[in-house]
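As structure tokens, the structure follows; a few thoughts come after it.
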Amino acid sequence: MTKKKFLLWTIIAILVISAPLSAADATLRSSTLRSTSWPQWRGPFFNGSTDEKNLPDSWSQTEGIAWVSPLPGPSGATAIICNGRVFVSSTVKGSYDFVALCFDAQDGRQLWEKNIGSDSRRFPRNNMASPSAVTDGKHVFFLYGCGNLVGFDYEGNKLWSRNIETEYGNLALQFGYSSSPLLYQNKLFILVIRRNKPYRRPQADAPLDSYLMALDPRTGDTIWKQQRPTNAYDEAMETYSTPIPFIRNGHAEILNTGADFITAHDPDTGKELWRFEYHTSKVRDSRIIPSLVTGDSLIFGTRHKHGGVFALQPPNPNNASGRIVWEFDGPSPDASTPLYYQKRLYLLNGIRYGKVVTCLEPKTGRKIWQGKIGGRGPWRASLTGADGKLYCINETGEIVVLAAGGDEFKIIFQTKIEERPIQSSIAIADGRLFIRTARNLYCIGK
């Protein structure tokens, strides 16, 4: 074989081997971050999972805890971990302040703390520091419920700041703005799907619009701002969800859900590519809390208030409107985002039916197994999947580790941290678990 032919066959072999990338793989490869980081609220694959191995499946107050660092107050923000740093948003107990925090991931030392602002507004079961931060491995971006949006470098130097509520009006969600920013393809995406009339100050002179916007992470400048109209009304106009990327036919779309629609947008221009009306019977309170998750070329969404889960086949040239391929009307989440992990879809209903975790076959919606995790408190945090395990935590600090996959429900380990309220999900990076309580940040592992 000639050298030229050998080179040709080598190239073909490489292309064949690398061709069958999943949407999650393609999404990850568009980033420079390692899968051993947890750079966004739902992790490196945007679906609540990571491919980390050798993770702890049990620990105690005296064994298996790498470090514990105090926090100034409660928050719903999940810890973000990348390149040796841990970033957390927090309120400050006893004040109206909220802060951005950075810790050393190895030993838990606090490296810096930045006061972001103060706001006396209060929301049921929520506060101003609920959105999770996001990082590209060199910079980190924090968003707060009053609209403060700030970029820092890893040393804590402020790059830029702005307030989207001051610029575009009251964020106008009944239980407080909670959507986390998305960092993707060198753009910072901010989603505001809100009621057109504020519940509380500041008042608005005209009806408020809902929108998705993209910012330049280097400067904070707006690249585009796309309005997102709806025919929903009152509380149904709101969402607490976070946008996610979706790869189809080699092209990226930015997905979001809420106000009775799923919409997809061009990441470069903001143009709405398609929309699907998943709730056609208009009711006052069809607000959505969970985010979307994707897998097996499908989009998985939830209906409001435990109303079920559905799989959407998105529109294509032969099916202009898209279609729901299956629906699951069993125990379903109201707040917890579904988890897609190792070709399974997991649902957590953490309030009703005995507090149930269900494992579904993503392509068909077939129930594979289901089991009760019980507990005293509500389970509103989203599931985390890694190392063949499912990690669950509730508001009172009860933790359950389940076996992922398989044909039956299996509890591996249970414990409790008495530091309520716990409203954030468990994050995983560098072989460790990161758990945020109302008082401390825990690092579990070697």
Please enumerate the residues belonging to the stretch 173-209 that are closer than 24 Å to G270 by Cα, of a type in the set (S, T, N, Q) and out of contact with any helix residue (DSSP H, G or I) (no Cβ under 8 Å at 6 or more places or on another chain). S178, S179, S180, Q185, N186
Working only within the stretch 91-104, note down all residues that are surrounded by 24 or more Cβ atoms within 10 Å (Cβ to Cβ) and under 23 Å from R432 (Cβ atoms). A100, L101, F103
If you scan the stretch 152-169, which residues turn out to be acidic (D, E), over 15 Å from L111 (Cβ atoms) and exposed (fewer than 15 other Cβ atoms within 10 Å of the Cβ)? E167
Selection from the stretch 254-267 of residues buried (at least 19 other Cβ atoms within 10 Å of the Cβ) and of a type outside the set (F, W, Y) yields I254, L255, N256, T257, G258, A259, D260, I262, T263, A264, H265, P267
Considering the stretch 179-214 alone, what residues qualify as being among the hydrophobic types (A, V, I, L, M, F, W, C) and either touching a residue at least 60 places away in the same chain (Cβ under 8 Å) or within 21 Å of R121 (Cα to Cα) (or both)? L182, L183, F189, L191, V192, I193, A204, L208
Restricting to the stretch 302-320, give me the number of residues that are farther than 18 Å from N256 by Cβ and out of contact with any strand residue (DSSP E or B) (no Cβ under 6 Å at 6 or more places or on another chain). 8
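Looking at F328, F310, F300, which one is buried (at least 16 other Cβ atoms within 10 Å of the Cβ), hydrophobic (A, V, I, L, M, F, W, C) and over 19 Å from the mean Cα position of the chain (by Cα)?
Values: F310 fails: over 19 Å from the mean Cα position of the chain (by Cα); F300 fails: over 19 Å from the mean Cα position of the chain (by Cα).
Every option except F328 fails the conditions.
Have a look at S291, S281 and point out the one that is at negative phi and buried (at least 16 other Cβ atoms within 10 Å of the Cβ).
On the way: S281 fails: buried (at least 16 other Cβ atoms within 10 Å of the Cβ).
The unique qualifying residue is S291.
Return the only residue of A79, A66 being within 16 Å of the chain's Cα centre (by Cα), at pLDDT 90 or above and among the small types (G, A, S).
Only one candidate qualifies: A79.
Kindly indicate the residue of the stretch 223-243 that is in a strand (DSSP E or B) and out of contact with any helix residue (DSSP H, G or I) (no Cβ under 9 Å at 6 or more places or on another chain) and also farthest from L208 (Cα to Cα) among those meeting that condition. Lay out the reasoning, then the answer.
Keep residues of the stretch 223-243 that are in a strand (DSSP E or B), which gives 223-227, 239.
Still in the list and also out of contact with any helix residue (DSSP H, G or I) (no Cβ under 9 Å at 6 or more places or on another chain): 223-224, 226-227, 239.
On the way: I223: 21, W224: 18, Q226: 13, Q227: 10, T239: 14 Å.
Only one residue fits best here, namely I223.
Of a type in the set (A, V, I, L, M, F, W, C), at positive phi and assigned to a loop (DSSP other than H, G, I, E, B), is that true of A172? So that I can check it myself, show each step before the final result.
On the way: of a type in the set (A, V, I, L, M, F, W, C): yes; at positive phi: yes; assigned to a loop (DSSP other than H, G, I, E, B): yes.
Spelling it out, A172 is indeed of a type in the set (A, V, I, L, M, F, W, C), at positive phi and assigned to a loop (DSSP other than H, G, I, E, B).
Does the stretch 59-98 hold any residues that are of a type in the set (S, T, Y) and under 21 Å from E395 (Cα atoms), and which are they? Let's see the steps before the verdict.
First pass over the stretch 59-98, keeping only residues of a type in the set (S, T, Y): 60, 62, 69, 75, 78, 89-91, 95-96.
S60, S69, S75, T78, S89, S90, T91 - these are the residues of the stretch 59-98 that are of a type in the set (S, T, Y) and under 21 Å from E395 (Cα atoms).
Out of F152, F123, F141, I need the residue that is over 22 Å from M213 (Cβ atoms), among the aromatic types (F, W, Y) and in contact (Cβ under 8 Å) with a residue 40 or more places away in the chain. Which one? Walk me through how you get there before you give the answer.
Numbers: F152 fails: over 22 Å from M213 (Cβ atoms); F141 fails: over 22 Å from M213 (Cβ atoms).
That would be F123, the only listed residue that is over 22 Å from M213 (Cβ atoms), among the aromatic types (F, W, Y) and in contact (Cβ under 8 Å) with a residue 40 or more places away in the chain.
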Does the stretch 366-383 hold any residues that are buried (at least 20 other Cβ atoms within 10 Å of the Cβ) and either under 19 Å from the mean Cα position of the chain (by Cα) or under 18 Å from F328 (Cα atoms) (or both), and which are they? W379, R380, A381, S382, L383
Here are the criteria: (1) in contact (Cβ under 8 Å) with a residue 24 or more places away in the chain; (2) of a type in the set (D, E, K, R); (3) closer than 26 Å to E277 by Cβ. Tell me which single one R323 does not satisfy. (1)
Looking only at the stretch 51-71, count every residue that is under 22 Å from S130 (Cβ atoms) and buried (at least 19 other Cβ atoms within 10 Å of the Cβ) and tell me the total. 1
Return the pair list, or none, for Cβ contacts closer than 6 Å from residues in the stretch 261-274 that are closer than 17 Å to A232 by Cα to residues that are among the acidic types (D, E), at least 6 apart or on different chains. F261/E277; T263/E272
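Residue-wise test of (1) closer than 18 Å to S132 by Cβ; (2) assigned to a strand (DSSP E or B); (3) in contact (Cβ under 8 Å) with a residue 60 or more places away in the chain.
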residue	(1), (2), (3)
S336	yes, no, no
L347	no, yes, no
C359	no, yes, no
K363	no, no, yes
W369	no, yes, no
G406	no, no, no
E418	no, no, no
I422	yes, no, no
F434	yes, yes, yes
Quick one: how many residues across the stretch 191-212 are in a loop (DSSP other than H, G, I, E, B) and under 18 Å from the mean Cα position of the chain (by Cα)? 1
Looking only at the stretch 230-255, count every residue that is of a type outside the set (A, V, I, L, M, F, W, C), touching a Ser or Thr at 6+ places or on another chain (Cβ under 8 Å) and under 22 Å from K271 (Cβ atoms) and tell me the total. 7
Picked from the stretch 384-432 (must be of a type in the set (F, W, Y) and over 16 Å from the mean Cα position of the chain (by Cα)), the residue surrounded by the fewest Cβ atoms within 10 Å (Cβ to Cβ) is F413
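The values are calculated or read from the model by the stated rules, or taken from the named source; none is laboratory data. A quick note: this is a predicted structure, and the numbers were derived from the prediction, not measured. When we count neighbours, we look across all protein chains shown, and the Cβ atoms used for this are built from the backbone with ideal geometry, even at glycine.
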